[in-house]
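Okay, so here's the structure we're looking at.
The values are calculated or read from the model by the stated rules, or taken from the named source; none is laboratory data. The structure displayed is predicted, hence computed values, not measured ones. Here Cβ is always computed from backbone atoms with ideal geometry, including for glycine, and neighbour counts include all displayed protein chains. Side chains included, ligands, DNA and RNA excluded: accessible areas come from the protein's heavy atoms. Shrake-Rupley method; radii C 1.70, N 1.55, O 1.52, S 1.80 Å.
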Amino acid sequence: MATEGPAVRRVQVAEHSRLLKLKEMFNSKFGSIPKFYVRAPGRVNIIGEHIDYCGYSVLPMAVEQDMLIAVEPVKTHTLQLANTNPLYPDFSTSADNIQIDKTKPLWHNYFLCGFKGIQEHFGLSNLTGMNCLVDGNIPPSSGLSSSSALVCCAGLVTLTVLGLKLSKVELAEICAKSERYIGTEGGGMDQSISFLAEEGTAKLIEFSPLRATDVKLPSGAVFVIANSCVEMNKAATSHFNIRVMECRLAAKLLAKHKGLPWEAALRLEEVQARLGVSLEEMLLITEDALHPEPYSPEEVCRCLGISLWELRTQILSPNTQDVLVFKLYQRAKHVYSEAARVLQFKKICEEAPDNMVQLLGELMNQSHVSCRDMYECSCPELDQLVDICRKFGAHGSRLTGAGWGGCTVSIVPADRLPSFLANVHEAYYQRSNRSLAPEKQSLFATKPGGGALVFLEA
């Protein structure tokens with residue numbers, strides 16, 4: 001239940017090779033053994049891209065790849081962070097003076113986001129220190145939420161060390177808010193599924209208030225994740241935050257057009273709710289109110305009756321103040337049509353018609369076209385990979401995660417899976433010379449996994 005806290009399980013560490021290896025590495029690093037372990041999974045978003053921060057429901061599932069942290073509380077007030085991957089250097093800081101540098105999305109800053117979120121929620125000072133060893137097997141910058149999994153894992157670590165209790169929903173909301181310390185204006189999907197996921201089911205995640213509903217996926221199909229091997233870090237580039245801002249401006253212009261108090265409008269969903277109309281009607285209103293040609297900052301100001309200074313200081317975020325063009329029509333069209341596709345996807349899963357896999361595939365294909373053409377968050381490699389997946393038997397394939405790189409997700413009939421994997425592997429990875437380290441997990445079938453957990457040694 002979402003009202004409960006994350007589960008606590010007692011395990012025989014010696015029977016779990018990954019936990020055992022982590023325990024041994026922890027011992028050689030810190031000269032002691034962990035008191036407990038925490039895991040938080042990554043996720044794949046099946047459909048509903050770039051709409052959570054606009055207030056709309058999304059449809060993700062947790063993957064088995066996760067962040068795993070071994071933890072030992074210590075008497076000092078020092079946080080000592082280490083990573084099993086030598087690419088990520090050790091870090092230590094005072095637990096009472098957490099500084100998160102927005103200009104550098106370094107790995108340890110994601111841990112600090114989760115730590116600081118819990119600290120600020122409870123208004124605590126004089127926090128106990130801890131030694132932590134992090135082990136992640138989610139490919140980084142791949143659109144499978146490795147960074148949010150680390151924030152969630154760190155939040156649960158901190159909560160457990162303090163001996164405090166929160167529900168999964170509260171944890172998800174705190175971690176969604178605290179990831180913004182790193183400068184990413186995300187919407188909360190990634191943190192929500194990391195805590196609210198349950199094995200065997202995808203989830204419809206709805207916001208304000210946050211809630212999750214089971215969505216039973218078709219039994220005759222498999223979801224396959226393929227990594228384009230183009231890395232995209234949301235916090236290191238401005239693409240993501242520019243899209244957030246374009247949606248905010250579109251909401252304000254639509255609200256003004258319909259005579260609503262536009263100053264308070266932040267999300268496209270709020271405009272629909274205030275008007276009390278359907279998503280299909282919002283698409284018609286968008287056609288009427290916005291033009292396909294890009295808007296300049298000056299035109300946005302004219303439409304809203306404000307000065308350039310007011311736009312920059314009161315509406316735009318610091319990292320979007322110098323943007324010269326805003327594609328408001330295209331972004332709003334994507335958001336309203338994608339929000340409708342999520343609801344259609346859930347309805348098809350519930351009704352389970354005979355041609356269910358084909359229908360779901362068509363929605364995923366439409367989603368990719370909209371992401372590529374209206375939201376412009378694809379890239380040539382993702383488009384090529386989507387085409388290859390469809391060619392070799394996927395009924396639907398689309399980019400997943402923020403885009404501009406990262407992964408695709410495809411719906412594949414279960415009986416075609418072996419040939420699909422072999423053909424896609426040859427066509428995309430071998431033929432294009434993308435020789436990848438195995439830990440990149442370039443191509444794999446996945447099923448819905450469980451959410452964040454605390455492990456105690458039995």
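Of all residues being assigned to a loop (DSSP other than H, G, I, E, B) and either of a type in the set (Lys, Arg) or within 30 Å of Lys333 (Cβ to Cβ) (or both) in segment 56-97, which is most open to solvent (accessible area, probe 1.4 Å)? Just the residue, please.
Among residues in segment 56-97 that are assigned to a loop (DSSP other than H, G, I, E, B) and either of a type in the set (Lys, Arg) or within 30 Å of Lys333 (Cβ to Cβ) (or both), the one most open to solvent (accessible area, probe 1.4 Å) is Lys75.
Criterion first (at pLDDT 95 or above, assigned to a strand (DSSP E or B) and closer than 27 Å to Leu283 by Cβ) does Leu133 satisfy it?
Here the answer is no, as Leu133 does not meet what is asked.
Cβ-Cβ below 7 Å, separation at least six or inter-chain, first residue in segment 348-361 and under 15 Å from Ser219 (Cβ atoms), second open to solvent by 70 Å² or more (accessible area, probe 1.4 Å): which pairs?
Note: pairs meeting the criteria are Cys349/Lys216.
With respect to the numbered conditions (1) in a loop (DSSP other than H, G, I, E, B); (2) closer than 23 Å to Pro448 by Cβ; (3) over 16 Å from the mean Cα position of the chain (by Cα), which one is the sole condition not fulfilled by Leu156?
(1)
Could you list all residues from segment 10-28 that are within 26 Å of the chain's Cα centre (by Cα) and not hydrophobic (A, V, I, L, M, F, W, C)?
Arg18 - this is the single residue of segment 10-28 that is within 26 Å of the chain's Cα centre (by Cα) and not hydrophobic (A, V, I, L, M, F, W, C).
Please pick out the residue among Gly31, Gly136, Gly123 that is closer than 30 Å to Ser367 by Cβ and open to solvent by 20 Å² or more (accessible area, probe 1.4 Å).
Gly136 is the lone residue from the list that is closer than 30 Å to Ser367 by Cβ and open to solvent by 20 Å² or more (accessible area, probe 1.4 Å).
Every residue in segment 249-260 that is open to solvent by 70 Å² or more (accessible area, probe 1.4 Å) and in contact (Cβ under 8 Å) with a residue 40 or more places away in the chain, please.
Listed by number, the list holds a single entry, Lys256.
Evaluate the following for Pro105: is it out of contact with any helix residue (DSSP H, G or I) (no Cβ under 8 Å at 6 or more places or on another chain) and assigned to a loop (DSSP other than H, G, I, E, B)?
no
Taking Gly188 and the conditions (1) over 16 Å from the mean Cα position of the chain (by Cα); (2) open to solvent by less than 10 Å² (accessible area, probe 1.4 Å), which numbered condition does it fall short on, given that it satisfies the others?
(1) is the only condition that Gly188 fails.
Only one residue in Glu263, Glu287, Glu298, Glu280 is open to solvent by 60 Å² or more (accessible area, probe 1.4 Å), assigned to a helix (DSSP H, G or I), out of contact with any Lys or Arg (no Cβ under 6 Å at 6 or more places or on another chain) and touching a residue at least 60 places away in the same chain (Cβ under 8 Å). Which one?
One residue alone meets the criteria, Glu280.
Quick grid of which residues meet (1) farther than 27 Å from Val58 by Cβ; (2) touching a Cys at 6+ places or on another chain (Cβ under 9 Å); (3) part of a strand (DSSP E or B); (4) aromatic (Phe, Trp, Tyr):
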position	(1), (2), (3), (4)
His368	no, no, no, no
Glu376	no, no, no, no
Cys389	no, no, no, no
Thr408	no, yes, yes, no
Asp415	yes, no, no, no
Ser419	yes, no, no, no
Ala422	yes, no, no, no
Glu426	yes, no, no, no
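I'm trying to understand the selection: among the residues of segment 35-47, which are of a type outside the set (S, T, N, Q) and surrounded by 24 or more Cβ atoms within 10 Å (Cβ to Cβ)?
Within segment 35-47, Tyr37, Val38, Arg39, Ala40, Pro41, Gly42, Arg43, Val44, Ile46, Ile47 meet the criteria.
Read through the list (1) in contact with a Lys or Arg (Cβ under 7 Å, 6 or more places away or on another chain); (2) under 11 Å from Ser228 (Cα atoms); (3) of a type outside the set (Ser, Thr, Tyr), then give the number of the only condition that Leu385 fails.
Failing condition for Leu385: (1).
In segment 2-55, what residues are of a type in the set (Lys, Arg) and either in a helix (DSSP H, G or I) or touching a Gly at 6+ places or on another chain (Cβ under 8 Å) (or both)?
The answer is Arg18, Lys21, Lys23, Lys29.
Just one of Glu362, Glu381 is open to solvent by 20 Å² or more (accessible area, probe 1.4 Å), of a type in the set (D, E, K, R) and within 25 Å of Tyr336 (Cβ to Cβ); which is it?
Within the list Glu362, Glu381, the selection yields Glu362.
Given the structure, is Lys333 more than 22 Å from Asn423 (Cβ to Cβ) and touching a residue at least 60 places away in the same chain (Cβ under 8 Å)?
no
If we only count strands (runs of 3 or more DSSP E) wholly inside segment 199-252, which ones have 3 or more residues that are under 26 Å from Ile174 (Cα atoms)?
202-206, 211-215
Return the pair list, or none, for Cβ contacts closer than 9 Å from residues in segment 1-30 that are closer than 29 Å to Leu210 by Cβ to residues that are small (Gly, Ala, Ser) and part of a helix (DSSP H, G or I), at least 6 apart or on different chains.
Qualifying pairs under 9 Å: Ala2/Ala172.
Yes or no: segment 46-55 includes at least one residue that is modelled with pLDDT of 95 or more and within 21 Å of Trp107 (Cβ to Cβ).
No, because not a single residue in segment 46-55 is modelled with pLDDT of 95 or more and within 21 Å of Trp107 (Cβ to Cβ).
Looking for whichever is in contact with a Ser or Thr (Cβ under 8 Å, 6 or more places away or on another chain) and open to solvent by 20 Å² or more (accessible area, probe 1.4 Å) here; the options are Lys116, Lys165, Lys177. Which one fits?
Matching residue, one of Lys116, Lys165, Lys177: Lys116.
So the check is Cβ under 7 Å with 6+ separation or different chains; which pairs have a first residue in segment 147-176 that's of a type in the set (Ser, Thr, Tyr) and a second one that's surrounded by fewer than 24 Cβ atoms within 10 Å (Cβ to Cβ) and assigned to a loop (DSSP other than H, G, I, E, B)?
Pairs that qualify, where the first residue is of a type in the set (Ser, Thr, Tyr) and the partner is surrounded by fewer than 24 Cβ atoms within 10 Å (Cβ to Cβ) and assigned to a loop (DSSP other than H, G, I, E, B), are Ser167/Ala2; Ser167/Thr3; Ser167/Glu4; Ser167/Gly5.
Do we have Glu246 as of a type in the set (D, E, K, R) and open to solvent by 30 Å² or more (accessible area, probe 1.4 Å) here?
no
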